[in-house]
1. In nm, give the distance between the simple-model label positions of ASN349 and SER381, each being 7 Å from the Cα along the Cα-to-Cβ direction.
2. Please list the non-local residues whose amide H lies under 5 Å from the amide H of GLY631, H modeled 1.01 Å from N, same-chain partners needing a gap of 5 or more.
3. Using a 1.4 angstrom probe and counting only protein chains, how large is the accessible area of HIS454 in Å², to 10?
4. Near ALA481, within a Cβ-to-Cβ distance under 14 Å, what is the net charge of the other residues, with Lys and Arg +1 and Asp and Glu -1?
5. Once you order the gyration tensor axes a ≥ b ≥ c over the Cα atoms, which shape class does the stretch 596-717 get: rounded for a/c under 1.5, otherwise prolate or oblate by comparing a/b with b/c?
6. Spelling out what I want: for every residue of the stretch 574-591, take phi, set θ = phi - 60°, compute 6.51 cos²θ - 1.76 cosθ + 1.60 (Karplus), and round to whole Hz; glycine and proline get x.
7. How would the stretch 343-479 be classified by its alpha-carbon gyration tensor: rounded, prolate or oblate, with rounded meaning a/c under 1.5 and the a/b versus b/c comparison settling the rest?
8. Per residue, how many Å² of accessible area does the stretch 547-604 show with a 1.4 Å probe?
Amino acid sequence: MLIKQKTNDKTISTTLNGIANCYRSLKEYDYANLYYQQSINNLKSNGDSNHYYLGDLYLNYGIFQNEIKNTDEVLKYFDLAYNVYLNNFGTKHPDVANCLMNIGEFYGDQKKNITSLDYYQKAIISELDYFSDSTIYSNPDVNEIEPQISILSILKGKANVLKQLYDENRKVSDLDFSLKTYDLCLNIIDKIRIGYQDEQSKFALSQNEKDTYTVAIEIAVQLYGLTKDINYKERAFKYAERSKAASLMSSLNDINAKNIGGIPVELQEEEQQLRKDIASYREKIYEERKKIKSDRDKISEWQGKLFQLNESYNQMVLRFEKDYPKYYELKYKNSTIEMSELQSKLSSNDILIEYSISDSSLFTFIITSDSFEITKQEINSDSLDFQIEEVRSALKTNDFAENSSEYYQRYTKSAFNLYQTFIAPHSKQIQNKKLIIVPDGKMAYVPFGVLIRHEADTNRMNYRDLDYLIKSNTITYQNSATIGFSIEPAGFSFTTSKSVLAFAPSYNGIDDSILYTERAYRDKLYPLPYTKEEVNNISNVMEGDLYLDELATEQNFKDHANGYDVLHLAMHTIIDDENPMYSKLVFTQTNDTVQDGLLNTHEIYNMNFNARMVVLSACNTGDGKLLKGEGVMSLARGFFYAGCPSIIMTLWTVEDQTGSNLMTNFYSYLSKGLDKDESLRQAKLKYLETADPLKSHPYFWSGYVTMGDVQPLYDFDLKNNLVYMGLGGLVLLVLVVFRRRIKRKVA
């Protein structure tokens, strides 16, 4: 700034305004006020009293005055900003629209709702070239809107004030129009998401807009309570669906569109190679930046190549959309599953329970093949988070040999409290039902099977005999009902001879330099002696191929994974909480100069699998960073993206020997024709029957969960029926031949 002052640089106002913004962020309001005034006076003193940038300075100062509750000054500076913008740009301009939106927000805060809505409507008109309706009960059509965050912000503000207006006058029509406006906002969010090619941008959008879906759910439920119109109830469910794993759904739509949208195979392969190259350069840049002394020249070179690859990819997507209209139609389809379709796919034994959490409310959608209910509970989100953390901490620790009674009491109390919140209100409906859980927020970190149905006797520690929910119900999970029930089931085989591809790497003498995350360095990559026993036991139940020790390499997995029905990976993981797309499965380390033996989530995203089931018998494969609106960013998510409809994953570090025991029994039950979720449940119950007091702790047995398609791999009833039909046909044929011979003899 000193240099600019000495040279009388006219851009010094920009610097002064930036300093003011910094002081404002630090709550140093006296300094902020001083620098805001200096920035304005400096620009005006240069004779630029109508310069367009002066509008920005006035607007920022008005927002600042509002923040420090100096409300008498707010409109003065907003009006000054508006006049500057108007003189420079005319009525149709984003800066004019932004200024009008801020005025509307100010009046909304003052509960002057009609005035506020008038300004929001003026902001919409200013933002959009082809919209001019000044009626506050009018919205533009989504097809008239170029999807931008700016118009989204204006419409969200308008929707919020319409809700305030309902609170003031209790006119249901105002609340209904608020919901319609939120509905328009959600459609714009979908269009923005589809326009993003980069996953990180999609994730950021989901995080930022999760609350928009939550408010829409709340209003729809409120309208249902007021009107008993079932359409509002179904809309609430659709909003809940759209708020979950939204970028995953968008990506799956894109994959489906490529497969059936008429795009030639060679172009799909070219597109896939581009994505792999993009992922490769992103990883190189990410890894280099993490080094203590990173090579800036390399980073710059790779960033240039990454820019070119992204441009090529964007051009390819535009070509797909132009030349293959069916692809375009399918890719931009953002519909959620219809309630009637969902109910038709639920058996009489199924009950789907989907949750949506806000800061103060828990919405629960309870759906069976012939019923649909919504409940709303008032909650304390901090208290609920505490209960979840208590249970999660108890489940993830393996340091309980000196287990105290206090530790036991804390776990059982929290597990019972969570049961009371999530399940007890629906205890009658879930009797003898298979639970399909669609979690929200942090509840995804806790397997519902460990929730306790009755308060524990805390006078003695007895983990084995606690009344776990898994003892009464089979439980599985879905990212969302739309993802879970719109994907075709994987189907089954008539025999147990379907191929399994199993990997159990060796970690003897592994180099600690690959442990680049704090969690990985803490956990280390110790040898896993029981993984070989695990995969050998599986091979005794189902035919397949085993890759052990030095053969369990990343290259062998990439070369052979597409040819198998079931993939079983018993190995270590490196979880990167900072950037989940770089969490890795750790294969046997070799001197391969192409493959580093670390298969990260980014790579999995860019693979295609034909497997009907993937078992990630590795530590923390279902764990990871929680992103609002997307869920847990785990390794398992990558396999869904790559086409695997059924995943068995772990929520924490599994104990080697116990994992081997559970997986052996899991495959044994699978081979008998049981559903995947029921096979896992029976394996856990069998383990509990014989576990000693220490190893009956849920840490050992509850970490494995099923997600996605849970249909059996083998349908023995159908197989047996076909056998009986075949035998019956053979007997009938013998009788016919025998009778013909008799007739000939008689003749």
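1. 3.9 nm
2. The list, which skips near neighbours in sequence, is ALA245.
3. Here the residue's solvent-accessible area equals roughly 110 Å².
4. -4
5. It comes out oblate by the Cα gyration axes.
6. Each residue of the stretch 574-591 in turn: 10, 8, 10, 5, 5, 9, x, 5, 10, 5, 9, 8, 9, 8, 4, 7, 10, 8 Hz.
7. Because a/c hits 1.5 or more and a/b exceeds b/c, the stretch 343-479 counts as prolate.
8. Dividing the accessible area of the stretch 547-604 by its residue count gives 35 Å².
The values are calculated or read from the model by the stated rules, or taken from the named source; none is laboratory data. Values in this document were obtained by computation on a predicted structure and should not be read as measured data. As a convention, Cβ positions derive from the backbone with ideal geometry for all residues, glycine included, and neighbour counts pool all protein chains shown. Note: areas computed on protein heavy atoms with side chains; ligands, DNA, RNA excluded. Shrake-Rupley method; radii C 1.70, N 1.55, O 1.52, S 1.80 Å.
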